[in-house]
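Have a look at the structure below, then the notes.
The values are calculated or read from the model by the stated rules, or taken from the named source; none is laboratory data. Owing to the predicted nature of the structure, the values given are computational and were not obtained by experimental measurement. Every residue, glycine among them, receives a Cβ derived from its backbone with ideal geometry; neighbour counts consider all protein chains shown. SASA here: full protein model, heavy atoms, side chains in, ligands and nucleic acids out. Shrake-Rupley method; radii C 1.70, N 1.55, O 1.52, S 1.80 Å.
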Number of protein chains: 2
Amino acid sequence: MSSTIPTLGFAILSVLARADSTGYEIAGRMRNPVARFWTASHSQIHTDLRRLLEAGLVGYTTAPGPGPQEKKIYSITAEGLDALRKWVTEPPRPQPERDELVLKTYAAWLADPAALIAMFRTALRDHEGRLAEYEAAWASVEKEAPAFGTPRFGNMAALRCGLTYERHRADWCRWMIDQLSSSLNPSWDASYPSEA
Amino acid sequence: MSSTIPTLGFAILSVLARADSTGYEIAGRMRNPVARFWTASHSQIHTDLRRLLEAGLVGYTTAPGPGPQEKKIYSITAEGLDALRKWVTEPPRPQPERDELVLKTYAAWLADPAALIAMFRTALRDHEGRLAEYEAAWASVEKEAPAFGTPRFGNMAALRCGLTYERHRADWCRWMIDQLSSSLNPSWDASYPSEA
DNA sequence: CATCACTATGTCAGTTCTTACATAGATAAG
DNA sequence: CTTATCTATGTAAGAACTGACATAGTGATG
């Protein structure tokens, strides 16, 4: 084929395979806790929707919209579903690892430990917040035990990854805070009253 | 300032803060296990090095090179070190989460479980391989217990993150394989000999 | 002796993505 | 009554990045 579908295209198809949506709703669904793994701005989603449309992988019906343009409710076509099914089991291409916090960590030896502690505490709070969200969602999905072949199975599987990811991240942040704290006060391990 | 430094610029500075390097060497150091968190192609690194040079954050000396051009050994300037130090403790901007394997997982309910198992087994092998690398590196860095203020502290901290990340990933892949296996053979939990 | 991998720099076309701009109705909060 | 937020679509400039091309010496493998 002349035009290849970018990964975002498949992310869009993955959303549409569950429910017909407007471009705006697709963006929202990708920001939702269970599906927070390929976020994109609405402008990029609109661009890629047009390409999916040209490739015949999606279609749409119109409805009156709030703005000057009509609202377009997109749905996946049979060809789109085929393409998505085929793509799912293809080996993922090696991802470029890009993590700003780890990069900062790599250069952390140059900076002020106290400022670093503050930064990691903020990161820890974020991760703990998301972890709580995921754990609540997990509790309900685990009881349900969704069967393979239903969309809820996909939710559960992605959620499981998010859950253990946030756990690992929070643990690592705590470890960093510990390391940085003991570098501020090297005699922490002596732990006897300072005003004896 | 008119031109902002992209994150890759700081990744380059982080490498140069440890040792003077050619553009080629920077790319290599960013591919190295301990620093696998902001990879980039050499073409992008050359582009950003020129911008860092224009901003006065790096300098270079030349030496005879293998190709038609001279080899340029870059080093970080005092201004570059200042900029890097300042950047390190600034809160990281929210990262766009993009994970192709998790995206495939979200759509996994549409595909063939056997093919998915094969895909996750491959992913598991990759993660276990990197985990073994990281664990070996960790054993040596832990004995050393590098002090804050030395580059080895940065190595240790980044390595720690990579280590627990690969652990979480490998665990998740194993969990996925279990889930998918039991969907293939739903009576696995009965576990009595099939040829009794 | 040929071929391959490694070292080393650079350009260029094209893709992907971000950010800002532009429009506009409904609904809720202050 | 004003302001903000949510719904909803789109354009356009520019940043960031990929992948292919181009050049060329050294050293190792076969």
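At B:PRO94, label 7 Å along Cα→Cβ: distances to the other copies, nm, ascending?
Ordered by increasing distance: 3.1 nm.
What are the nm distances, shortest first, from B:THR61 to its equivalents in the other copies, labels at 7 Å along Cα→Cβ?
Inter-copy label distances (nm, one decimal, shortest first): 7.3.
Figure the gain on full extension for B:THR122 and B:GLN44 (residue separation times 0.36 nm, minus the Cα-Cα span) and round it to one decimal in nm.
25.1 nm
Considering Cα pairs under 8 angstrom that are at least six residues apart, work out the relative contact order of the range B:7-88 and quote it in whole percent.
35 percent
With each label point set 7 Å from Cα along the Cα-Cβ vector, what nm distance links A:THR61 and A:ALA115?
Each label point is offset 7 Å from its Cα along the Cβ direction, giving 5.8 nm.
Could you give me D for chain A, from Stokes-Einstein at 37 °C and 0.692 mPa s, where the hydrodynamic radius is the Kirkwood radius over C-alpha pairs? Units µm² s⁻¹, please.
The Stokes-Einstein estimate is 162 µm²/s.
I'd like the interface area for chains B and A: accessible area of each alone minus the complex, both sides summed, 1.4 Å probe, protein heavy atoms only. What is it in Å² to the nearest 100?
6500 Å²
Tell me the per residue accessible area of the protein assembly as shown using a 1.4 Å probe; a whole number in Å² is fine.
I get 53 Å² per residue for the protein assembly as shown.
Compare each residue of the range B:32-78 in its chain alone against the assembly with all protein chains, and report those whose accessible area goes down by 50 Å² or more; 1.4 Å probe, heavy atoms.
B:PHE37, B:TRP38, B:THR39
Summarise the partner chain shielding of B:142-149 as one whole number: the mean count of Cβ atoms from other chains within 10 Å of each residue's Cβ.
Mean partner-chain Cβ count within 10 Å for B:142-149: 3.
What shape does the range A:7-88 take by its C-alpha gyration tensor, where a ≥ b ≥ c are the square roots of the eigenvalues and a/c under 1.5 counts as rounded, a/b above b/c as prolate, and the rest as oblate?
oblate
For chain B, what is the relative contact order in percent, using Cα pairs closer than 8 Å and at least 6 residues apart in sequence?
20 percent
Measuring nothing but label to label, 7 Å from Cα along Cα→Cβ, what are B:SER43's distances to the other copies in nm, shortest first?
2.4
Return the carbon/sulfur percentage of the accessible area of the range A:7-88, one whole number, probe 1.4 Å, all protein chains in place.
52 percent
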